[in-house]
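Visitor: First, the structure itself, so that you have it in front of you.
The values are calculated or read from the model by the stated rules, or taken from the named source; none is laboratory data. Because the structure is a prediction, the values reported are computed rather than measured. Note that each Cβ is placed from the backbone with ideal geometry, even for glycine, and that neighbours are counted across all protein chains shown. Side chains included, ligands, DNA and RNA excluded: accessible areas come from the protein's heavy atoms. Shrake-Rupley method; radii C 1.70, N 1.55, O 1.52, S 1.80 Å.
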Amino acid sequence: MNDNDGERPEEEHLVALDGLRDREAASERSLAPSLRQEQIAEYVIQHGQVSAKKLAEMFNVSLMTIHRDLDELERQGILRKLRGYATTQPSSVFESNVRYRLTTAQAEKEAIARRAVELIEPGQVVMLDDSTSALHLARLLPQLVPLTVITNFLAIIKELAPVKGLRLIALGGEYTPSHDSFNGIVCTSAIESLRADIFFGSVSAIADGIAFHQEQEIVVVKQAMMRSSKTKVLLADHNKFHRTALHKLAPLEAFDLVILDSGVDPDIPAELRKEGIHFEIVEVAGG
């Protein structure tokens, strides 16, 4: 009798452990991996950086399952998987997914766009790159029709397609999901056959008077846009000055104007003046 009583706690522990495994397995089966990965992506994009352990607790799945999900999301270019956590924040070789970039520095980008739109005259041909800063500008363009707009950014194409009086030229090429844009040889060839009055674009990083981006294929398209435009304007919120990126796009002096926001470090304007860069600083509402 006593021997049986002594074995009961161990048996109960094994039963409880089996029950826990069954519940976890059921939880993992209850949510399709693709749906769970989409929810993980949205959460990491919203918060910028999240530990794998927290994600496992949130979705009630094993840490191994979360790591598999993060591997897939990294393969898709949505986030970076680092030791113990996932992040959508950029690095010198990783540009944040467009979904994350759409959530950052919105007030600054809107202020920059309001100044940029003043540079456009009705009837002009405007070239826009696939930056979220250019998207903010695109939303202001209907007030200036008639216009011709050239872009490789699908979000801008969708934004401007319904606008009457606006001629929209969509640049084709290989679709890049992480940027929601078209790139590659087909895209650059199309750009080289066109001529715009003014180009508006942005970059990932600015250092030592040079604009940089993490991905060479994106740089090639932006450079082609610059070559095909009479006037070139760089839209750069203050966060660009605190980042690094691998590939050189162009020196800032290659732009006719660099538009910054008032959150830029106080020493930046003096450096730009010293380098002979033509720039303007705009105030940010509520800043």
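Visitor: Show me the strands (runs of 3 or more DSSP E) found entirely inside the stretch 199-252 where at least 1 residues are out of contact with any strand residue (DSSP E or B) (no Cβ under 8 Å at 6 or more places or on another chain). Write out each step before concluding.
Guide: Details: elements: 205-207, 210-213, 229-236, 247-251.
Once the strands (runs of 3 or more DSSP E) in the stretch 199-252 are filtered for at least 1 residues that are out of contact with any strand residue (DSSP E or B) (no Cβ under 8 Å at 6 or more places or on another chain), what remains is 205-207.
Visitor: The conditions are (1) touching a Lys or Arg at 6+ places or on another chain (Cβ under 8 Å); (2) of a type outside the set (Val, Ile, Thr); (3) at pLDDT below 90; (4) open to solvent by 50 Å² or more (accessible area, probe 1.4 Å), and Pro90 fails exactly one of them. Which is it?
Guide: Failing condition for Pro90: (4).
Visitor: Would you confirm whether any residue within the stretch 54-76 is surrounded by fewer than 17 Cβ atoms within 10 Å (Cβ to Cβ), closer than 30 Å to Asp261 by Cβ and in contact (Cβ under 8 Å) with a residue 40 or more places away in the chain? Reasoning before the result, please.
Guide: Taking the stretch 54-76 first, the residues surrounded by fewer than 17 Cβ atoms within 10 Å (Cβ to Cβ) are 54, 57-58, 60, 62-64, 67-68, 71-72, 74-76.
Right, trim to closer than 30 Å to Asp261 by Cβ and you get none.
Checked against the condition, which is being surrounded by fewer than 17 Cβ atoms within 10 Å (Cβ to Cβ), closer than 30 Å to Asp261 by Cβ and in contact (Cβ under 8 Å) with a residue 40 or more places away in the chain, the stretch 54-76 yields no hits at all.
Visitor: Let me ask something else. Might you let me know whether the stretch 200-208 holds any residue that is at positive phi and modelled with pLDDT under 95? Write out each step before concluding.
Guide: Let us first name the residues in the stretch 200-208 that are at positive phi, namely 208.
Cutting the leftovers down to modelled with pLDDT under 95 gives us 208.
Looking through the stretch 200-208, at least one residue is at positive phi and modelled with pLDDT under 95.
Visitor: As an exercise: evaluate Arg243 against (1) of a type outside the set (Gly, Ala, Ser); (2) open to solvent by 50 Å² or more (accessible area, probe 1.4 Å); (3) over 21 Å from the mean Cα position of the chain (by Cα) and give the number of the one condition it does not meet.
Guide: Result: Arg243 fails condition (3) only.
Visitor: Every residue in the stretch 162-182 that is part of a loop (DSSP other than H, G, I, E, B) and more than 22 Å from the chain's Cα centre (by Cα), please. Let's see the steps before the verdict.
Guide: Applying the first criterion (part of a loop (DSSP other than H, G, I, E, B)) to the stretch 162-182 yields 162-165, 171-173, 177-180.
Result: Pro162, Val163, Lys164, Gly165.
Visitor: Can you tell me which of Ala190, Ala196, Ala224 is open to solvent by less than 40 Å² (accessible area, probe 1.4 Å), within 13 Å of Met127 (Cβ to Cβ) and without any contact (Cβ under 8 Å) to a residue 24 or more places away in the chain? Write out each step before concluding.
Guide: Values: Ala196 fails: without any contact (Cβ under 8 Å) to a residue 24 or more places away in the chain; Ala224 fails: without any contact (Cβ under 8 Å) to a residue 24 or more places away in the chain.
Testing whether each residue is open to solvent by less than 40 Å² (accessible area, probe 1.4 Å), within 13 Å of Met127 (Cβ to Cβ) and without any contact (Cβ under 8 Å) to a residue 24 or more places away in the chain leaves just Ala190.
Visitor: Is it fair to say Gln49 is closer than 21 Å to His242 by Cα, open to solvent by 50 Å² or more (accessible area, probe 1.4 Å) and within 14 Å of the chain's Cα centre (by Cα)?
Guide: Values: closer than 21 Å to His242 by Cα: yes; open to solvent by 50 Å² or more (accessible area, probe 1.4 Å): yes; within 14 Å of the chain's Cα centre (by Cα): no.
Against the criterion (closer than 21 Å to His242 by Cα, open to solvent by 50 Å² or more (accessible area, probe 1.4 Å) and within 14 Å of the chain's Cα centre (by Cα)), Gln49 does not qualify.
Visitor: Pairs needed: first member in the stretch 121-142, without any contact (Cβ under 8 Å) to a residue 12 or more places away in the chain; second member anywhere, of a type in the set (Gly, Ala, Ser) and in a helix (DSSP H, G or I); C-beta distance under 6 Å; at least 6 residues apart or different chains.
Guide: Within 6 Å, no pair qualifies.
Visitor: For Asp180, state whether it is open to solvent by 10 Å² or more (accessible area, probe 1.4 Å), of a type outside the set (Val, Ile, Thr) and within 15 Å of Thr151 (Cβ to Cβ).
Guide: Details: open to solvent by 10 Å² or more (accessible area, probe 1.4 Å): yes; of a type outside the set (Val, Ile, Thr): yes; within 15 Å of Thr151 (Cβ to Cβ): yes.
Taking the combined requirement at face value, the residue satisfies it.
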